[in-house]
Amino acid sequence: MSQTKRELEKHWDLQAAAQTVLVKARAADRCEIHEEILIDRGDGDGEKMAYAIATNMVKAREVDGTREEFLEAVKEALGEADYQCNICANQLSRD
């Protein structure tokens, strides 16, 4: 496997783990219909908890990456989350 492919897989693995951490910490939810959509709950305490969980996961070697890489993945996943599922919102606006 090429180095580029390994790095890409690592990135996607960190992103998936980051999304799971955000849901576990209740900083975000998944859309009930579109499970791939992450919805930001706007909960600052949940966000702090997500970073704490992520740090502990790195210390326990539960993720393949440095603390900085994983915290950046959490930040990125939260930044990509919206306050609603845009797919559901678009479907509702058509009705």
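The values are calculated or read from the model by the stated rules, or taken from the named source; none is laboratory data. Model, not experiment: these values are computed from the prediction. Methodologically, a virtual Cβ is constructed for each residue, glycine included, from the backbone with ideal geometry; neighbour enumeration extends over all protein chains shown. Accessible surface areas use protein heavy atoms only, side chains included; no ligands, DNA or RNA. Shrake-Rupley method; radii C 1.70, N 1.55, O 1.52, S 1.80 Å.
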| request: Have a look at GLU72, GLU76, GLU47 and point out the one that is out of contact with any helix residue (DSSP H, G or I) (no Cβ under 6 Å at 6 or more places or on another chain), at pLDDT 95 or above, open to solvent by 70 Å² or more (accessible area, probe 1.4 Å) and on the phi < 0 side of the Ramachandran plot. | output: GLU72
| request: Would you check if ALA17 is more than 20 Å from GLU68 (Cα to Cα), of a type outside the set (Ser, Thr, Tyr), under 10 Å from the mean Cα position of the chain (by Cα) and buried (at least 17 other Cβ atoms within 10 Å of the Cβ)? | output: no
| message | List pairs: first residue in region 27-40 and more than 20 Å from TRP12 (Cβ to Cβ), second residue modelled with pLDDT under 95 and open to solvent by 50 Å² or more (accessible area, probe 1.4 Å) anywhere in the structure, Cβ distance under 6 angstrom, at least six positions apart or on different chains. | response | ASP40/TYR83
| remark: Exception for GLU36 within (1) more than 26 Å from ILE87 (Cβ to Cβ); (2) at pLDDT below 95; (3) of a type in the set (D, E, K, R) falls at (1)
